[in-house]
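Working notes, beginning with the structure itself.
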Amino acid sequence: MKRIAFVFILILLFAGSSVTPVKAQCAMCTISAEQGTKNGNTQGKGLNSGIIYLLVIPYLMISGIGVLWYLKYRKKSAGYAQNI
């Protein structure tokens, strides 16, 4: 078990060490954000809020499925233990 954990941590370290910073957006988002900040608009805040919104929804869905799966598994294993 310790060997598996060691290999997993080693893989994470190698994967994390090769990450390069990327500054990429679609052309329209880049131009909109740059022009908005130059003119004193708050379009950048709206853009950031939209990105956060788009990121949160899949995480909520996956965590909800995980909770339902856990509760379903927990009910089955508890019922099985009572029958023994």
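What follows is calculated from the coordinates using simple rules that are stated; it is not laboratory data. Because the structure is predicted, anything quoted here is derived from the model rather than measured. Here the Cβ is made from the backbone with ideal geometry for all residues, glycine too, and neighbour counts use every protein chain on show.
Of note:
- What the phi angles of the range 54-61 give under the Karplus curve with 6.51, -1.76 and 1.60, with θ = phi - 60°, is a coupling list of 5, 7, 6, 4, x, 5, 5, 5 Hz, glycine and proline written as x.
- Net length gained if the chain between Q35 and I51 were fully extended (0.36 nm per residue, minus Cα distance): 3.9 nm
- Label-point separation, C26 to V67 (7 Å along Cα→Cβ), nm: 3.2 nm
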